[in-house]
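I am attaching a structure below and will ask some questions about it afterwards.
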Amino acid sequence: MPPSQADAEGFHDLWPTTLLRRSLPGHAAANAELLRLIAAMEAEKADLTTDYRSGNLLTVDNPAIAWLRDCINKTVIDYLKRAGLDYAVNWSLQGWANVNRRGDYHDPHNHPHAYLSGTYYLQVPAAKAPRENRGDLRPGAISFYDPRSAANMTAIRGDRQIEAEFTHHPKAGEILLWPAFLMHFVHPNLAEEKRVSISFNATLKWSDDYLPHQN
């Protein structure tokens, strides 16, 4: 519901942060082709993962890329519908591959200049810490953090409003979508097998229709 409206019992849900998580149907064949494509690209460009701003994987002429691009656009549409937007929104997509070998991780970060961000998973090793490591590690997981930095000062178990962290262990074929401002951390891959994913941003094509109404 819009933030300015309450439900029948008078409750307002203020400043919600919505994350979408779903498994894409028919992903097995597409993932095999995407893994082949990314392996070939990395063989030609060793810094494929770290030089993510130099190109746009989602513009590559490949049937599996076209499939993924359509799936991402459908996911964005569903997200915007859930947000209750009742006007046309246009965006462009930019995507890049992430190939994480043993020990690789991504520092806590968000995605400036984008509206929505997401990741699609192609290959995810078993999320179990090796015996020589601490038992509380969460290898291969992704964690999202409450953007209200002081909210956890009064945290008590089970209160959804002040859980400071949401951690998820993704699976191959799964797509995640979230607001680009949301800080997140990709835990180290501690398996011998590579973790491979495609991350992306949805950047708005500006329209004055996006401007909030003044109350």
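Any read-out appearing in this document is the output of simple, stated calculations on the displayed coordinates, not a laboratory observation. Since we're looking at a predicted model, the values are computed, not measured. Glycine gets a Cβ as well: all are built from the backbone with ideal geometry, and neighbour counts include every protein chain shown.
In whole Å, what are the extents of region 1-122 along the principal axes defined by its C-alpha atoms, from largest to smallest?
58, 31, 24
Moving on. Determine which lysines satisfy two conditions relative to Lys74: a Cα distance under 21 Å, and not lying fewer than 8 residues away in the same chain.
Lys171, Lys205
Based solely on its DSSP helices, what 222 nm [θ] is calculated for the chain when runs of n ≥ 4 H residues each add -39,500 (n - 2.57) and the sum is averaged over all residues, nearest 500 deg cm²/dmol? Don't skip to the answer; put the middle values down first.
Numbers: 2 runs with 38 residues, N = 215.
The per-residue figure over the chain is -6000 deg cm²/dmol.
Let me ask something additional. Quick one: compute the contact order of the chain, relative version, from alpha carbon pairs under 8 angstrom and 6+ residues apart, as a percent. Present the calculation step by step, with values, prior to reporting the outcome.
Values: 347 pairs, mean separation 67.7, N = 215.
It rounds to 31 percent for the chain.
Express the C-alpha Rg of region 116-215 as a ratio against the empirical globular expectation 2.2 N^0.38 Å, rounded to two decimals.
Here the answer is 1.36, to two decimals.
Moving on to the next point. Can you work out ³J(HN,Hα) from phi for every residue in region 175-181, in order, using Karplus 6.51 cos²θ - 1.76 cosθ + 1.60 and θ = phi - 60°, giving whole Hz and x for Gly and Pro?
Computed from phi, the couplings for region 175-181 are 10, 10, 9, 8, x, 5, 6 Hz.
Now a separate question. Label-point separation (nm) for Asn90 and Ala155, each offset 7 Å from Cα along Cα-to-Cβ?
Label at Asn90, label at Ala155, 4.2 nm between them.
Which trypsin sites (Lys or Arg not before Pro) from region 173-206 combine a DSSP loop assignment with at most 11 other Cβ atoms within 10 Å?
Filter output for region 173-206: Lys205.
Under 25 °C and 0.890 mPa s, how fast does region 1-67 diffuse according to Stokes-Einstein, given a Kirkwood radius computed over C-alpha pairs? Answer in µm²/s, whole number. If you can, show how the numbers build up before the last one.
Working: Rh = 15.9 Å.
Roughly 154 µm²/s, to the nearest whole number.
Roughly how far apart, in whole Å, are the Cα centres of region 17-81 and region 137-213?
Computed from Cα coordinates, the inter-centre distance equals 18 Å.
Could I ask something else about it? To test your reading of the geometry: what angle, between 0 and 90 degrees and rounded to tens, separates the Cα axis of helix 63-82 from the longest principal axis of the chain?
Approximately 20 degrees, to the nearest 10.
Using the Cβ atoms and a cut-off under 14 Å, what net charge is assigned to the surroundings of Tyr120, where Lys and Arg are +1 and Asp and Glu are -1? Walk me through the intermediate numbers first.
Values: positive: Arg21, Arg22, Arg69, Lys74, Lys171, Arg195; negative: Glu33, Asp70, Glu174.
It works out to a net charge of +3.
Show log10 I(q)/I(0) for the chain at q = 0.09, 0.10, 0.16 Å⁻¹, two decimals, from a solvent-free Debye sum over equal Cα scatterers.
-0.41, -0.50, -1.20
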